[in-house]
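Only one structure is covered here, and it is reproduced in the block below.
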Amino acid sequence: MGGYALDSLPVTRLPSIVLPLTLAAALLVPGSLRAETRELTFEQDVRHILKAHCTQCHGEEEKPKAGVDLRLRRFMDKLTEDGDHILVPGKPEESEIVRVVREGEMPKKGKKLTVQELATLEQWVAQGAKAAKAEPESLPAGPYITDDDRQFWSFKPIAHPAVPKLENDSRVRTPIDAFILAKLRMQKLDFAPDADKRTLIRRVTLDLTGLPPSPEEVDAFLADAAPDAYEKVVDRLLASPAYGERWARHWLDIAGYADSNGFSEADSPRPDAWRFRDYAIRSFNADKPWSDFIVEQLAGDELAEATHADYQKAILDPAKRDDLIATAFLRMAPDGTGDPVDDANLARNQVIAEELKVVSSSLLGLTVGCAQCHDHRFDPIPQADYYRLRAVFEPAFDWQTWRTPGQRLYSLYTPEERAKADEIEKQAKVIDAEAQAMNKKFLDEIFEKELLKLPEEEREPYRAARAAAEKDRTPEQKALIKKYPSALALYSLDLYDKDLQKKVIDKYAEATKLRATKPHEDQVMALMEVKGRVPETHLFYRGDHEQPKQLLGPGELSVLAGPRVEPFQPAEVPSGSTGRRLAYARWLVSGQHPLVARVLVNRFWLNHFGRGIVNTPADFGVLGERPTHPELLDWLATQFMDGGWKLKPLHRLIVLSTVYRQSSKNEASLKSDTDNRFYGRFKLQRLEAESLRDSMLATAGTLNPKEFGEPIGIARDPGGRIVVGQEQLNTNRDVMKVVSRGPDDFRRSIYIQVRRKAPLTVLDTFDEPTMTPNCEARSSTTVAPQSLLLMNDNFVLDTAHTLAERLRKEAPGDARGQIAKAWNILYGCAPKDTDLLRSLAYLAEQTEAIRVYDQNLKPAKDTPPPDPQLEALASLCQVLYSSNRFLYIE
């Protein structure tokens with residue numbers, strides 16, 4: 001039986017024989033899932049099972065089905081509408097709640113109870129179906145949030161735990177170490193030894209900047225014997241522009257950043273999304289307080305006092321412009337409403353739903369979207385709470401008076417530029433009119449000539465037919481024109497006289513040329529409300545926008561609500577915006593919200609260590625993992641808020657800790673804590689996709705450090721791969737080849753265009769995040785296509801060749817020197833003797849093989865002669881790029 005999936009185990013009804021509970025449990029439940037021996041209670045053991053499977057129909061609707069309400073233990077003492085006992089304490093065989101579950105009658109919809117859940121229910125009834133505490137006499141219709149719900153760990157206020165005091169604390173460098181070491185000792189474990197300096201500088205440099213250290217940086221660190229040598233490296237890295245490019249990428253993951261709208265196969269571009277990406281990078285580099293960063297993204301338009309029709313003053317102020325750019329955070333979800341869609345209203349509401357998922361997963365760490373269609377099955381989030389939260393954002397989206405992506409772009413024209421552009425457009429329209437008149441004149445002249453070719457008695461009727469509007473022509477006139485189609489001369493001047501057509505085209509070209517002199521019009525993608533418009537928010541029955549129910553106002557989730565935010569009071573905004581989002585954003589960063597700081601510091605920790613203190617970073621609810629170190633999580637959250645919500649000091653605290661600086665080798669930890677939940681060693685981590693590509697470019701010496709600006713375009717090559725570059729098409733619009741865009745091809749990966757339907761192949765293969773609608777946590781797979789890409793991809797081959805050319809230039813004619821340099825550039829260390837000897841043997845073997853191969857080839861015209869030694873060196877570089885030593889951070 002142990003080999004079967006639990007959900008597939010049969011439950012057989014025996015109508016004439018009722019097995020004793022203990023025997024039933026023994027037969028049905030595998031050993032690892034046997035019933036608890038302790039006394040079970042409704043609150044701790046049963047309520048969550050009923051909530052997940054039963055109370056949607058039996059308690060949360062206005063009229064519970066069959067008169068059965070399962071929200072409270074006391075309600076189960078009643079009879080069903082058919083007169084059956086819902087519950088008979090001590091007698092599961094006489095309890096209807098057990099029978100209908102055991103026989104598969106209930107639940108009628110959704111997943112059935114698992115074997116373990118059924119066993120728990122039966123045992124609870126057999127033990128007397130006890131409740132742990134007194135219950136209210138009655139409840140209003142709908143979901144019931146209990147005191148136990150409010151006492152769930154993540155909903156309680158953030159604590160201020162004391163730092164543990166330890167004996168023999170010589171390894172404790174920061175308070176973080178004290179928290180971790182206390183837990184390690186409880187497991188009879190200790191820290192791993194400190195990593196060596198070469199390992200440490202590679203680790204922290206890749207972690208903070210996404211780039212490897214240069215050989216010069218490694219040598220300088222090794223030569224610095226000062227006690228604060230490592231601290232100086234950390235401070236240098238945090239001050240580097242590369243830091244913002246690396247750590248903004250983490251935020252763009254959870255924000256759902258993309259340069260295309262997704263949703264439909266059209267995947268139309270978002271040409272101005274890049275300003276949000278640059279805003280994030282600048283914010284990280286400036287160490288902007290997250291209390292400001294969050295408020296700007298949720299309500300920057302209200303901070304800037306801008307609305308949809310009145311934004312010009314704000315957008316021309318550089319500080320307020322950043323506030324507006326920040327609101328693109330609320331525009332990052334897939335949005336196909338500017339493309340053809342089957343159901344426009346459904347598409348609009350889906351945009352709002354997806355954006356609420358982005359907000360809730362990134363800031364609240366909750367699966368709020370599960371309450372869109374019904375009360376959340378596991379967390380205390382009623383469906384009404386979902387729509388109250390939606391009401392906070394509703395005025396900015398307003399699905400019934402929708403604005404497509406193109407209608408949410410805001411011009412950066414100054415008044416002077418606007419006036420100049422309007423004047424140029426006025427002049428261009430005059431030229432357009434002249435070209436149109438010229439075209440008509442030429443066609444009329446041709447018509448007079450063509451008319452003479454018709455029989456005389458049909459000329460005037462034909463003239464009248466031509467002059468009539470097409471919709472007003474009589475059947476006789478239509479027949480006449482059909483009889484002599486070439487005489488019409490109303491359209492297509494080129495069919496009659498190509499020279500005259502060229503004159504018209506040249507005239508139109510004058511207008512086009514004039515329009516090209518307009519000042520370039522940049523635009524900002526932002527979210528703003530329409531002044532004075534406050535759309536209503538209704539609860540949608542089963543999430544269906546065509547079935548609106550009660551009207552709901554804005555508010556916080558009930559389980560989180562407190563005097564600070566309830567009753568909900570919008571902020572006062574002079575612009576005429578509702579102020580709802582500004583009030584909500586300020587509540588989130590007030591320091592009193594139980595989730596936001598915890599969720600943020602947990603993500604920061606996860607991005608440093610490869611696993612979170614809560615290893616479900618977007619689910620701090622009942623189904624999420626519990627924190628391995630809850631006191632440390634709260635201490636970090638408190639430090640973060642007390643430090644002004646600034647991230648760089650927190651980075652410094654983390655990377656200076658022994659937890660971070662320890663080696664990845666600890667046999668005792670590996671044996672007893674394979675998942676490294678207690679942090680007894682540094683977790684080996686593969687480079688993320690962007691860091692892999694950027695590191696290859698950096699080590700080859702071709703990385704372009706240019707910052708900011710429009711995304712670097714991508715193309716589909718003839719083989720179907722998505723690469724950086726520009727497509728070159730033939731007359732049939734087929735891709736002939738992809739041509740380079742020059743130095744921009746070698747910029748950091750964060751600047752490459754992100755298309756939801758066309759991810760860059762080299763990044764996608766190494767687990768670039770998929771935005772659906774955002775990326776809550778990256779995966780790290782090990783699959784065959786990764787090896788194939790490292791063996792065959794043109795980017796890898798070209799980069800390896802460029803590195804070989806660099807090595808030859810820096811150590812000409814010295815194979816040993818070239819190998820040593822390769823090791824220093826790629827790994828930050830010198831090769832061992834065995835590595836050197838194997839590499840020399842590989843070079844000799846490859847050089848001879850390539851020489852023999854080239855001898856049998858007929859060289860192409862005007863190509864340089866083959867260079868077997870360079871090609872062999874490039875092959876070695878490719879091998880080194882493909883090694884775990886390059887691909888992983890230890």
Query - the stretch 488-499 residues that are open to solvent by less than 60 Å² (accessible area, probe 1.4 Å), paired with ones that are at pLDDT 90 or above and outside any helix (DSSP H, G or I) (beta carbon under 8 Å, 6 or more apart) - result: ALA489/TYR496
Requested in this report: Quick one: count up the residues across the stretch 744-762 that are under 19 Å from the mean Cα position of the chain (by Cα) and either farther than 14 Å from ASP694 by Cβ or outside any helix (DSSP H, G or I) (or both).
Outcome: 11
Report task. Please list, ordered by first then second residue, the pairs with beta carbon atoms under 8 Å, 6 or more apart or interchain, first in the stretch 53-74 and closer than 17 Å to GLN383 by Cβ and part of a loop (DSSP other than H, G, I, E, B), second among the polar types (S, T, N, Q) and at pLDDT below 90. Result -> ARG71/THR55
**Report entry** Residue selected from the stretch 270-284 under the condition in a helix (DSSP H, G or I) and charged (D, E, K, R), by the criterion farthest from the chain's Cα centre (by Cα)
**Finding:** ARG282
Query raised in the report: Does the stretch 172-195 contain at least one residue that is of a type in the set (Asp, Glu) and farther than 16 Å from TYR679 by Cβ?
Result: no
Query raised in the report: Do you know which residues across the stretch 542-552 are surrounded by 15 or more Cβ atoms within 10 Å (Cβ to Cβ) and over 27 Å from the mean Cα position of the chain (by Cα)?
Result: LEU552
Query raised in the report: Inside the stretch 661-702, can you point out the residues that are open to solvent by 40 Å² or more (accessible area, probe 1.4 Å) and of a type in the set (Lys, Arg)?
Result: LYS665, LYS671, ARG677, LYS683
Requested in this report: For the stretch 68-82, name all the residues that are open to solvent by less than 40 Å² (accessible area, probe 1.4 Å) and not hydrophobic (A, V, I, L, M, F, W, C).
Outcome: ASP69, ARG71, ARG73, THR80
Query raised in the report: When you go through VAL762, VAL735 one by one, which is the residue that is modelled with pLDDT under 95, within 15 Å of ILE714 (Cβ to Cβ) and of a type in the set (A, V, I, L, M, F, W, C)?
Result: VAL735
Requested in this report: Identify, from the list GLU216, GLU245, GLU265, the residue that is more than 23 Å from GLY713 (Cβ to Cβ), of a type outside the set (Val, Ile, Thr) and open to solvent by 10 Å² or more (accessible area, probe 1.4 Å).
Outcome: GLU216
Report task. Consider PRO535 carefully, then state whether it is open to solvent by less than 80 Å² (accessible area, probe 1.4 Å) and over 17 Å from ALA299 (Cα atoms). Result -> yes
Query raised in the report: In the stretch 106-162, what residues are open to solvent by less than 40 Å² (accessible area, probe 1.4 Å), assigned to a helix (DSSP H, G or I), closer than 18 Å to HIS376 by Cα and of a type outside the set (Asp, Glu)?
Result: SER154, PHE155
Query raised in the report: If the Cβ limit is 6 Å and pairs must be 6+ apart or interchain, which residue in the stretch 310-333 that is assigned to a helix (DSSP H, G or I) pairs with which residue that is open to solvent by 60 Å² or more (accessible area, probe 1.4 Å) and modelled with pLDDT of 95 or more?
Result: ALA314/LYS320; ILE315/ARG321; ASP323/LEU303
Query raised in the report: What is the number of the single condition among (1) out of contact with any strand residue (DSSP E or B) (no Cβ under 6 Å at 6 or more places or on another chain); (2) over 30 Å from THR628 (Cα atoms) that ASN730 does not meet?
Result: (1)
**Report entry** Residue identified as closer than 19 Å to LEU298 by Cβ and either without any contact (Cβ under 8 Å) to a residue 12 or more places away in the chain or of a type in the set (S, T, N, Q) (or both) among SER558, SER590
**Finding:** SER590
Query raised in the report: Across the stretch 285-335, which residue is nearest to the chain's Cα centre (by Cα) among those that are open to solvent by less than 10 Å² (accessible area, probe 1.4 Å) and charged (D, E, K, R)?
Result: ARG331
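The values are calculated or read from the model by the stated rules, or taken from the named source; none is laboratory data. All figures in this text were calculated on a predicted structure; none of them were measured in a lab. Note that each Cβ is placed from the backbone with ideal geometry, even for glycine, and that neighbours are counted across all protein chains shown. Heavy atoms of the whole protein, side chains included, go into the accessibility calculation; ligands, DNA and RNA do not. Shrake-Rupley method; radii C 1.70, N 1.55, O 1.52, S 1.80 Å.
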